[in-house]
Amino acid sequence: MSKILKNYLYKKVLSRFSVFLIDILIIIFSCIFMFVLRFGFQDLTDTIRADGMMITFLLVLFNTVFFIIFRTFSGILRFSSFSDLLRIVYALSLGYGLAFLSAVLLLDIHIGFTLFKEVFFATYVLNVLLMVFSRVFVKEIYEALIGTESKAVNVFVYGTKETGISVAKALKANSEFNFKVLGFISDEQHMIGKDLLGVNIYANNDRLFRILESKDVKTIIISPQKMEEIKDTNMLSNFVDHNISLMTTPPISEWNGSLTSRAQLKDIQIEDLLLRDPIKINMMQIASDIQGRRILVTGAAGSIGSEIVRQVAKFNPFSVTLIDQAETPLHDIRLELQEKWRNLPMKIVVADITNASRMENIFREFKPHYIFHAAAYKHVPMMEDNVSESVQTNINGTKILADLAVKYGADKFVMISTDKAVNPSNVMGCSKRICEIYVQSLAKYLEKTGRNKTQFITTRFGNVLGSNGSVIPLFKEQIKKGGP
């Protein structure tokens, strides 16, 4: 379909009066059709015609009142929803009901006409069917014509409780989303295999991904209630592993069952995958500790180190020294810092932390108060095949820096470790555990000998938000690539 015709159809909207007039004509047509069907043209005497005209007048009169009350003509036909169709049924039921009562009352006061009850109720049924069908017909024709130009994105909805159903209804009711709901996902066994809103409900298991592939579904919208119920991030990581984009909506209380804009749908953020609330940090205390201090960060171009640098830069340090052997990412972080904090005194150093003489020159020149040691090889599978590099960088590099921190009187030495150092089962975890043991032993030795000026702190990171080598950046990247 040409773009011009598509735009014309999109902008072309029947006026409310036109819709109202069509509905009135449907009432008149239903009456005439049922009288002709009941009596035939030949048996339509003048008396029967007069009776038909009286019934038609009553139906038009009372239904007009209820059309106005329920505003059955106010919606755009091609975007008619279930609630629009329900309003039509309510209006016609009340209109026909009052018309029938009025006809009975007129008969009681001897107004001369005959009430054909079977014709009356048959007219009501036909009237409802025609008005509902007209909306559905226009909607289906429009979607068939426009849909060839703009293919809908196939989606599944995760969650079969009230919020999941509300999300699916909202997506179907608003064509702006351009989503086609092809199924539901449920963790409740009694729901599996049943139909909901005309589509099937599937279990969240390995078979699901074959179904998603067969239906060309690359997006799953998780109901807000299901997001609150998720206790295991593996439930979501399985989708990411299969290149499935994940989205969700705000709590249903915020949109009252009616999603009006695609902006209300959001890609699942990394924070949404945490099984706890983000920890609140006393930023005032940190600011007072950092302000006016000389800070040194190793691994400053890495995901963790660069974030440490960004956070430190906010608190007006005396200077920040960034050390890394990756020159391009180091240059990138320098440009970022220069743009955001133009007056930040910083020194960019391309160096290897295992080069003891180079490190000593740096410590001698900058004499840092605080050292954040984030430089390390942390990719578990890679380190299994490169043991010597893991030992040299992680263990020897940490020893060199810790010794220099003591030698040059640093106030604090913060070593970034990993949760894999707990009962380590791989080379990377073992190397970081040895680093922890060395730093802790050094701290105890200094305390025992009365030379404990430097405070040693070890902090373990698990799946670090946005870190390289973690599963979570994979979540983020795959969500981004798979998003509609």
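The values are calculated or read from the model by the stated rules, or taken from the named source; none is laboratory data. Computed from a predicted structure; not experimentally measured. Neighbour counts run over all protein chains shown; Cβ positions are idealised from the backbone, glycine included.
Quick notes on this one:
Conditions tested, residue by residue: (1) within 16 Å of residue 305 (Cα to Cα); (2) in contact with a Lys or Arg (Cβ under 7 Å, 6 or more places away or on another chain); (3) charged (D, E, K, R).
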{"residue": "389", "(1), (2), (3)": "no, no, yes"}
{"residue": "395", "(1), (2), (3)": "no, no, no"}
{"residue": "402", "(1), (2), (3)": "no, no, no"}
{"residue": "438", "(1), (2), (3)": "no, yes, no"}
{"residue": "460", "(1), (2), (3)": "yes, no, yes"}
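- First in segment 348-367 and under 17 Å from residue 318 (Cβ atoms), second anywhere and in a helix (DSSP H, G or I), Cβ under 8 Å, 6 or more apart: 348/330; 348/331; 348/334; 349/362; 363/404; 363/405; 363/407
- Subset of segment 347-383 [surrounded by 19 or more Cβ atoms within 10 Å (Cβ to Cβ) and part of a loop (DSSP other than H, G, I, E, B)]: 353, 354, 368, 369, 374, 375, 376, 377, 378
- Residues within segment 443-456 that are outside any strand (DSSP E or B) and surrounded by 19 or more Cβ atoms within 10 Å (Cβ to Cβ), tallied: 2
- If you go through segment 384-421 and keep only what is over 19 Å from residue 324 (Cα atoms), surrounded by 16 or more Cβ atoms within 10 Å (Cβ to Cβ) and within 35 Å of the chain's Cα centre (by Cα), you end up with 418, 420, 421.
- Residue pairs meeting the criteria (Cβ under 6 Å; at least 6 apart or on separate chains; first in contact (Cβ under 8 Å) with a residue 40 or more places away in the chain and in the same structural domain as residue 60 (by TED's automatic domain parsing), in segment 12-40; second assigned to a helix (DSSP H, G or I) and exposed (fewer than 13 other Cβ atoms within 10 Å of the Cβ)): none
- For segment 217-258, a residue qualifies if it is farther than 22 Å from residue 153 by Cβ, at pLDDT 75 or above and assigned to a loop (DSSP other than H, G, I, E, B), and exactly one does: 251.
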